[in-house]
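Remarks on the structure that follows.
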Amino acid sequence: MDLPDFTELTIAELLATHSAVLDELRHRDVIRSKNNPTGDYSEWLVSTKLDLTLETNSVKGFDATDSHGLRYQIKGRRATPENKSTQLGVIRNLDGKDFDFLVAVIFDANWQVRYAAKIPYRIVPLLATYRPHVNGHILHLRPTVFDNPSVEDVSHELRN
């Protein structure tokens, strides 16, 4: 795909292009908010590829359900050459057991799935660390997460 030469655009034109792209992604139901699109895109991709039903944004503690009523919290992170971090967004109220599975995705700078994991709730507390300053648990989705036999690699399902 040939992209325009962005170096020829003004700052205002670049920002307008960014807004137009976000508007089109919202129109296509890929993103659902005006926030950074990583979270919304992760939720859309995981729910689409794993045949889950997305909940409304107002539901706390989980993002989607499957046909058996199991609840899924979905987290995503876009790693770039400038920021290689695999730290996912804060998991709030982990003790509340609001979800049955955490599905986490690491994208590369071009939004391609590097790897993705389906983690049973009972394993999440073993991998995450409570941080009082954010009032929640932090999990880094490093490749070593897959060393746990209960963690399922769902990378292939999300790529196809």
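The values are calculated or read from the model by the stated rules, or taken from the named source; none is laboratory data. Worth saying up front: this structure is predicted, and the values here are computed from it rather than measured. In this analysis, Cβ positions are derived from the backbone assuming ideal geometry, glycine residues included, and neighbour counts consider all displayed protein chains. Ligands, DNA and RNA are excluded from the accessible area calculation, which covers all protein heavy atoms including side chains. Shrake-Rupley method; radii C 1.70, N 1.55, O 1.52, S 1.80 Å.
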Give me a count of the residues in the stretch 104-141 that are in a loop (DSSP other than H, G, I, E, B) and under 18 Å from Q73 (Cα atoms). 4
Residues that are surrounded by fewer than 19 Cβ atoms within 10 Å (Cβ to Cβ) and on the phi > 0 side of the Ramachandran plot: does the stretch 75-91 have at least one? no
Report yes if V134 is farther than 21 Å from W44 by Cα, open to solvent by 20 Å² or more (accessible area, probe 1.4 Å) and among the aliphatic types (A, V, I, L, M), otherwise no. yes
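Those residues that are part of a loop (DSSP other than H, G, I, E, B), free of Cβ contacts under 8 Å to residues at least 24 places away in the same chain and open to solvent by less than 50 Å² (accessible area, probe 1.4 Å), I need them from the stretch 21-54; list them, please. Break it down stepwise before answering.
Residues of the stretch 21-54 part of a loop (DSSP other than H, G, I, E, B): 28-36, 50-52.
After this cut, where a residue has to be free of Cβ contacts under 8 Å to residues at least 24 places away in the same chain as well, the list is 28-31, 34-36, 51-52.
V30, I31, L52, listed by residue number.
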Considering H18, H68, which residue is assigned to a helix (DSSP H, G or I), of a type outside the set (V, I, T) and open to solvent by 60 Å² or more (accessible area, probe 1.4 Å)? H18
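Could you check the stretch 1-15 and list, in sequence order, the residues that are assigned to a helix (DSSP H, G or I) and open to solvent by less than 80 Å² (accessible area, probe 1.4 Å)? Reasoning before the result, please.
Going through the stretch 1-15, the residues assigned to a helix (DSSP H, G or I) turn out to be 6-8, 11-15.
Answer for the stretch 1-15, where residues must be assigned to a helix (DSSP H, G or I) and open to solvent by less than 80 Å² (accessible area, probe 1.4 Å): A12, L14.
Going by the conditions given, is K60 within 17 Å of E43 (Cα to Cα) and at pLDDT below 95? Can you show your working first?
Values: within 17 Å of E43 (Cα to Cα): yes; at pLDDT below 95: yes.
Judged against the criteria, K60 is a match.
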Inter-residue pairs, beta-carbon under 6 Å, first under 22 Å from D95 (Cα atoms) and among the polar types (S, T, N, Q) and in the stretch 129-151, second part of a strand (DSSP E or B) and at pLDDT 95 or above, 6+ apart: T129/I138; S150/P120
Please work out which residue is least open to solvent (accessible area, probe 1.4 Å), limiting yourself to the stretch 137-155 and to residues that are hydroxyl-bearing (S, T, Y) and more than 17 Å from the chain's Cα centre (by Cα). S150
For L126, indicate whether it is modelled with pLDDT of 95 or more, exposed (fewer than 14 other Cβ atoms within 10 Å of the Cβ) and under 30 Å from H68 (Cβ atoms). yes
